[in-house]
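Asker: Right, I'll just put the structure down here and ask away after.
The values are calculated or read from the model by the stated rules, or taken from the named source; none is laboratory data. Since this is a predicted model, take the numbers as computed values, not measurements. Quick reminder, even Gly has a Cβ in these numbers, built from the backbone with ideal geometry, and neighbours come from all protein chains shown.
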Amino acid sequence: MRKLCFLTLFLMGAFLSVNAQQGSLNDYLGKYVFAEGSPVAEVSLTVQDSSLVVNSAIVTAALEKRGLDSFYLAPYDALVIFKRKDGKTVESVSIFVQGMELVGKREASPVALKEDEFYAPLWAKQNN
């Protein structure tokens with residue numbers, strides 16, 4: 001019985017650890033827009049195979065975690081640092097590459113759906 005309890009607690013701990021790691025990567029997801037004239041206009045960050053991936057017109061590559069809110073972009077030998085607003089939500093990203101600092105502001109994503117977009121599929125399904 002003790003072995004069963006220990007195994008259950010161990011599996012719950014492992015599950016929570018994996019979820020916490022995924023949750024922390026979710027803090028960085030979204031679209032970041034850079035200043036006009038910057039070598040990069042915008043980047044989007046996604047999670048693929050439990051890695052944070054940067055996508056832009058120039059590169060698609062996984063970021064290597066280096067520390068709290070800091071990552072490494074190997075193809076460009078670049079340091080990527082995320083900055084948080086009041087220590088909570090990520091508001092911008094700084095990419096240090098070839099002696100330059102590129103700063104991108106996180107673009108707010110719309111959360112709400114338009115009422116028509118929500119109800120139209122339901123209405124169509126009920127009437128078929």
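Asker: What pairs can you find where one residue is in the stretch 34-49 and under 14 Å from Ala62 (Cβ atoms), the other is surrounded by 14 or more Cβ atoms within 10 Å (Cβ to Cβ) and among the hydroxyl-bearing types (Ser, Thr, Tyr), and their Cβ atoms are less than 6 Å apart, with a gap of 6+ or different chains?
Answerer: Val43/Tyr32; Val43/Ser56; Leu45/Tyr28
Asker: Could you tell me which residue of the stretch 1-39 is surrounded by the most Cβ atoms within 10 Å (Cβ to Cβ), considering only residues that are modelled with pLDDT of 90 or more and part of a loop (DSSP other than H, G, I, E, B)?
Answerer: This residue is Tyr28.
Asker: I've got another one for you. Identify the single condition in (1) at pLDDT below 90; (2) within 14 Å of Ile95 (Cα to Cα); (3) small (Gly, Ala, Ser) that Ala78 does not satisfy, given that it satisfies every other one.
Answerer: (1)
Asker: Here's a follow-up. Output the number of the condition that Lys105 fails; it satisfies all remaining conditions of (1) under 16 Å from Ser24 (Cβ atoms); (2) at pLDDT 95 or above.
Answerer: Looking at each condition in turn, Lys105 falls short on (1).
Asker: What strands (runs of 3 or more DSSP E), lying completely within the stretch 44-101, carry at least 1 residues that are in contact with a Gly (Cβ under 7 Å, 6 or more places away or on another chain)?
Answerer: Details: elements: 51-55, 60-62, 64-67, 70-73, 78-85, 89-97.
Answer list for the stretch 44-101: 89-97.
Asker: Next question. Please determine, by comparing only the residues of the stretch 85-108 that are in contact (Cβ under 8 Å) with a residue 24 or more places away in the chain and among the basic types (Lys, Arg), which one is surrounded by the most Cβ atoms within 10 Å (Cβ to Cβ).
Answerer: Out of the qualifying residues, it is Arg106.
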